[in-house]
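Nothing in this text is a laboratory measurement; each read-out follows from the coordinates by a stated rule. This is a predicted model, so every value here is computed, not measured. Ideal geometry is used to build each Cβ from the backbone, glycine not excepted, and the neighbour counts take in all protein chains shown.
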Amino acid sequence: MRKLLFESLIRLPVTEPAPAPDDAALAELGEALGLAARRRLGRSLAIREVDAGSCNGCELEIHALNNAYYDIERFGLRFVASPRHADVLLVTGPVTKNMREALERTHVATPDPKWVVAVGDCAVDGGCFASSYAVVGSVAAVIPVDLRIPGCPPAPIAMLKGLLALLEPDTRRAVQRPAAAG
Ligand code: SF4
């Protein structure tokens, strides 16, 4: 036990290095997104995250948007607790059979105008869970999807670029890859 304690004091944590900071690009992207939201909505963008069956890898990247490094609230973008207050549903994971109805009801509860973003390969086309007996399919197989952000998982910057593309449709083609079958 003493040996373990001693080793924990001298060993570095087993973790990946932090992403290379690109503060200027992040600030530019965040400000553009905040401005686009105010132009389209007259206020800041409200986002509701929905886990429809993810492995939680995509959630870790989504959580990073709120950490001290990305801190997207400084650009006027915020996560909300209820779909009734949301403009955007960020949906992760393949849609499992158990989550299908919850996703449909969340979509209905979100007021118009609203956008749905499928985040991650599983949300886009079922990803590595596509053939599972417990999975219905992609998000688009259950509710209409406005934008797909591929990646396993996609990086926070890719999500910010995706949200900007959502609000500024001229940039959308640069983010979205061809729609996959549900
Ligand atoms: S895309 Fe990758 S990280 Fe995201 S839910 Fe699927 S397996 Fe997990």
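Observations, loosely collected:
- In plain terms, the residue of TYR133, TYR69 with the fewest other Cβ atoms within 10 Å comes first and the most crowded comes last, giving TYR133, TYR69.
- Aspartates and glutamates with Cα under 12 Å of LYS161, excluding same-chain neighbours fewer than 8 positions away: GLU28, GLU31
- Straight-line cross-link reach from LYS97 at under 17 Å between alpha-carbon atoms covers these aspartates and glutamates, not counting any fewer than eight positions away in the same chain: ASP51, ASP125.
- Given 14 as the ceiling on other Cβ atoms within 10 Å, longest exposed-site-free region of the chain for trypsin sites (Lys or Arg not before Pro) in DSSP loops: 98-182
- Value at 222 nm in deg cm²/dmol, rounded to 500, when DSSP H runs of n ≥ 4 in the chain each add -39,500 (n - 2.57): -10500 deg cm²/dmol
- Cα-projected label distance for TYR69 with ALA109, points at 7 Å along beta-carbon direction, nm: 3.2
- Computed extension gain for ARG43 through ALA155, at 0.36 nm per residue and net of the alpha carbon distance, reaches 37.8 nm.
- Full extension of the chain between ARG2 and ASP23 yields a length gain of 3.3 nm, computed as 0.36 nm times the residue separation minus the alpha carbon distance.
- Packing-based exposure ordering (other Cβ within 10 Å, fewest first) of ILE10, ILE62: ILE10, ILE62
- For q = 0.13, 0.18 Å⁻¹, Debye-computed log10 I/I(0) when each Cα of the chain counts as one equal scatterer: -0.66, -1.14
- Volume per residue for segment 108-174 equals 98 cubic angstrom (convex hull of Cα atoms).
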